[in-house]
């Protein structure tokens, strides 16, 4: 069309960065398989790790890529969790559709609150995300007939996955179900980040004014990203509900949002891998430490946060120098 | 429902709650306005002030009024020390980094307070002359609440006087309006900020001590009341003391009246109101143009 | 330069009586301008005259206090900046406004993707979109930047960044191009290439150029508007404006005070 030589086209094409699949991507799956094979007792913990990885991935989309500072992501997780629980209770105990319902619930809350949250910046934005989360928490607390209030939502059964895999007491089905959901999530997130939309989001992050002058409706694109992030957060919540068969108010609390943000700072934002590393490290550590004394854990966490931001703002991934490089 | 006695009580309750929120928020709005630092640990200083007063009351039997100035001074000292140390790091990082660091600081403070006092709720012993109510024909007035309104108004007035009539106040106003310009005309902005930060912590401590009947002390205090404080600051406009004063009053009144008249959804009303206000004016209702 | 033919069709860009004040400070005073398709129009004036502000007003980054702006006859005064781009408006910035973390190719690719509507797609990859790659490659080649395709913006020389800045606007295939001091900071030996580029732009593209480099202006422009203190001092063909004594006074220092 333009008469360019193939070499020029190749040169230009290669100048577009993307996440390349490499041997590193196999590591999480090896770890998942290894835990199941070798450390069977840790399978339930492993499932928790998987759920949190998905949640952290969703947060990374919003915070790491979109630059949307949110301390209220639990609102989306909890919405998904309650949606999955209510779906199983009232519509069908089939898990996959329940998971989709959870994702849609998370996306819906993001879509509705997004315009307000995105209209603001800085501490006002943070405050609004906190406020949204608090409002949802209050609603869940007060709406006892539907949500079970402080006692939580229980008593729903989850049918076997794909009709064949029953949820066993040892948690094996839950583990592999979670792993499958994680695989799909990671695949979709990777696709998103490598897509034209992913480049647009990076552009918005770098220079929103210029993007507007390229004709891109910046706020609309950010809302799209936030909604997609909400979908994955909701779906993480739904997974949690289906696996534990219980949905409590803790799915909407600030603690959850804060933890997810800590996972990202530990692992590193804006790279997807950071979410995996950070979530794993955090869940494993907090499981051990919180059992000893939650307040001592909180103290240590606070110190770690301060030091991490000061000395390792790019997280473990940054330290290990896994960066996306144009080839 | 609409009887004057109830209205009067609700008014006083709402105003006193608003004033406490203002005292706690005042420091935050100024530091946000001058240095644009997302300091989510601000509410923790109110908590620390309250707990220091509690320690004085419990260990040495001091009364509320005696403990107040000492607790405030100690909190100011803590704020000053932290400003010179941890907050140096905070200024140097990105917005997200500031949020995370100050959250880390909150965690440390919450855990420390829990270590010292345990996790149950505490209120400070109230002196006898503050307890009780004034009964008149028209209405019943809580002495404590009236005292709160008087003291807070006095403090707000003193703040305003400092801003308007002192050299420090003028420099501070300049620093808030245009930090870069202020530096160019020779105003030592970092020093102004350090003093303001410490002062803000002191005000927060006063709010924490005086308001502890309404906002009881517990380790999670620092996070629990963070959202209302942030709402006050955001709706009032970052950097605007006048804005915070007005939005705090508004929030106090809306919350009190809302909870009374709509028990089911009353708690949400401030969030809905805040959302509406910010939708209309994202920089704050009373922010300067 | 010969006399201008009368304007027969609707001007592609029209600014009518635009005023803008910030409180007591008036930065634009009843500014009017009309550009036909193919215009080569220069906007000159001393620093602080409000030239860049006018561009902000035209592109929609600033709302005017009063007045109207029309693109292709259509009133866009209340239209958001991103929508005006869709109508064919593009601009460059006085201080390069690029995407520093992205490569040169990605910068241009983004502009092409934005124009063709591909930028919203949440799947696939821009690498595989032949149209985008081809266009970006051809633009880079035309500007002699092909070898730099994979480099980060931060590693480019300033003159090269100014070229990318223009490329970003050209990739939008605009009908109206607003150039804000394109030669600012560009070394004098590179200015020749810049001028060649500007002279080679499509004849039907309307160009409004703010510049202080008069040799560039005189080679490129056919008409000029002189802006002083936010208001128009004079407007006309390049020859007329050059000869106007008031313009010389403005530049040489004996300013008339209002």
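I'd like the full set of residues that are surrounded by 13 or more Cβ atoms within 10 Å (Cβ to Cβ) and part of a loop (DSSP other than H, G, I, E, B), limited to the range A:17-65.
Within the range A:17-65, A:17, A:18, A:19 meet the criteria.
Go through C:87, C:102 for me and flag whichever is surrounded by fewer than 20 Cβ atoms within 10 Å (Cβ to Cβ), at pLDDT 90 or above and either in contact with a strand residue (DSSP E or B) (Cβ under 7 Å, 6 or more places away or on another chain) or within 8 Å of another protein chain (Cβ to nearest Cβ) (or both).
The conditions single out C:87.
Yes or no: residue C:166 surrounded by 17 or more Cβ atoms within 10 Å (Cβ to Cβ) and under 16 Å from residue C:39 (Cα atoms)?
When the stated conditions are applied, residue C:166 does not pass them.
If residue A:180 satisfies every condition in (1) assigned to a helix (DSSP H, G or I); (2) within 14 Å of chain C (Cβ to nearest Cβ); (3) without any contact (Cβ under 8 Å) to a residue 40 or more places away in the chain; (4) farther than 23 Å from residue A:112 by Cβ but one, which is the exception?
Answer for residue A:180: the failing condition is (2).
Against the condition without any contact (Cβ under 8 Å) to a residue 60 or more places away in the chain and away from chain B (no Cβ under 14 Å), how does residue C:56 come out, does it pass?
yes
Say we look at the range C:110-135 and pick out the residues that are buried (at least 24 other Cβ atoms within 10 Å of the Cβ) and over 20 Å from the mean Cα position of the chain (by Cα); which of these is nearest to residue A:202 (Cα to Cα)?
Applying the first criterion (buried (at least 24 other Cβ atoms within 10 Å of the Cβ)) to the range C:110-135 yields C:110-114, C:119, C:126, C:132-133, C:135.
Next cut, over 20 Å from the mean Cα position of the chain (by Cα) only: C:113, C:119, C:126, C:132-133, C:135.
Working: C:113: 13, C:119: 11, C:126: 13, C:132: 17, C:133: 18, C:135: 21 Å.
So, considering only residues that are buried (at least 24 other Cβ atoms within 10 Å of the Cβ) and over 20 Å from the mean Cα position of the chain (by Cα), the one nearest to residue A:202 (Cα to Cα) is C:119.
Which condition does residue A:15 not pass, out of (1) away from chain C (no Cβ under 14 Å); (2) in contact with a strand residue (DSSP E or B) (Cβ under 7 Å, 6 or more places away or on another chain), if it passes all the others?
Condition not satisfied by residue A:15: (1).
Across the range B:87-115, what is the total count of residues that are without any contact (Cβ under 8 Å) to a residue 40 or more places away in the chain and surrounded by fewer than 18 Cβ atoms within 10 Å (Cβ to Cβ)?
6
Residue C:74 passes all but one of (1) more than 9 Å from every other protein chain (Cβ to nearest Cβ); (2) within 23 Å of residue C:224 (Cα to Cα); which number fails?
Only one criterion in (1) more than 9 Å from every other protein chain (Cβ to nearest Cβ); (2) within 23 Å of residue C:224 (Cα to Cα) is unmet by residue C:74, namely (2).
Hey, does the range A:68-75 have a residue that's over 28 Å from residue A:198 (Cβ atoms) and surrounded by 24 or more Cβ atoms within 10 Å (Cβ to Cβ)?
no
Can you confirm whether residue A:78 is under 19 Å from residue A:178 (Cα atoms) and either within 19 Å of the chain's Cα centre (by Cα) or within 14 Å of chain B (Cβ to nearest Cβ) (or both)? Before you say what the answer is, go through the steps one by one.
Details: under 19 Å from residue A:178 (Cα atoms): yes; either within 19 Å of the chain's Cα centre (by Cα) or within 14 Å of chain B (Cβ to nearest Cβ) (or both): yes.
So residue A:78 passes the test.
Got at least one residue in the range B:165-175 being touching a strand residue (DSSP E or B) at 6+ places or on another chain (Cβ under 6 Å) and either surrounded by 14 or more Cβ atoms within 10 Å (Cβ to Cβ) or assigned to a loop (DSSP other than H, G, I, E, B) (or both)?
Taking every residue of the range B:165-175 in turn, none turns out to be touching a strand residue (DSSP E or B) at 6+ places or on another chain (Cβ under 6 Å) and either surrounded by 14 or more Cβ atoms within 10 Å (Cβ to Cβ) or assigned to a loop (DSSP other than H, G, I, E, B) (or both).
So residue A:226 fits all but one of (1) facing another protein chain (nearest Cβ under 8 Å); (2) buried (at least 21 other Cβ atoms within 10 Å of the Cβ); what number is the exception?
(1) is the only condition that residue A:226 fails.
Which ones in the range A:86-98 are out of contact with any strand residue (DSSP E or B) (no Cβ under 8 Å at 6 or more places or on another chain), within 13 Å of residue A:245 (Cα to Cα) and part of a helix (DSSP H, G or I)?
The answer is A:87, A:88, A:98.
Out of the residues in the range A:287-311 meeting the condition of being farther than 19 Å from residue B:115 by Cα and buried (at least 19 other Cβ atoms within 10 Å of the Cβ), tell me which one is farthest from the other protein chains (Cβ to nearest Cβ).
Top of the filtered list is A:308.
From the residues in the range B:218-242 that are in a loop (DSSP other than H, G, I, E, B) and at the interface with another protein chain (Cβ under 9 Å from one of its Cβ atoms), which one is farthest from residue B:275 (Cα to Cα)?
B:219
Quick one: which residue in C:144, C:150 is farther than 15 Å from residue C:115 by Cα, touching a strand residue (DSSP E or B) at 6+ places or on another chain (Cβ under 9 Å) and surrounded by fewer than 22 Cβ atoms within 10 Å (Cβ to Cβ)?
The unique qualifying residue is C:150.
The values are calculated or read from the model by the stated rules, or taken from the named source; none is laboratory data. Predicted model, so just to flag it, every value in this text is computed and none were measured. Using ideal geometry, Cβ is built from the backbone for each residue, glycine included, and neighbour counts are taken over all protein chains shown.
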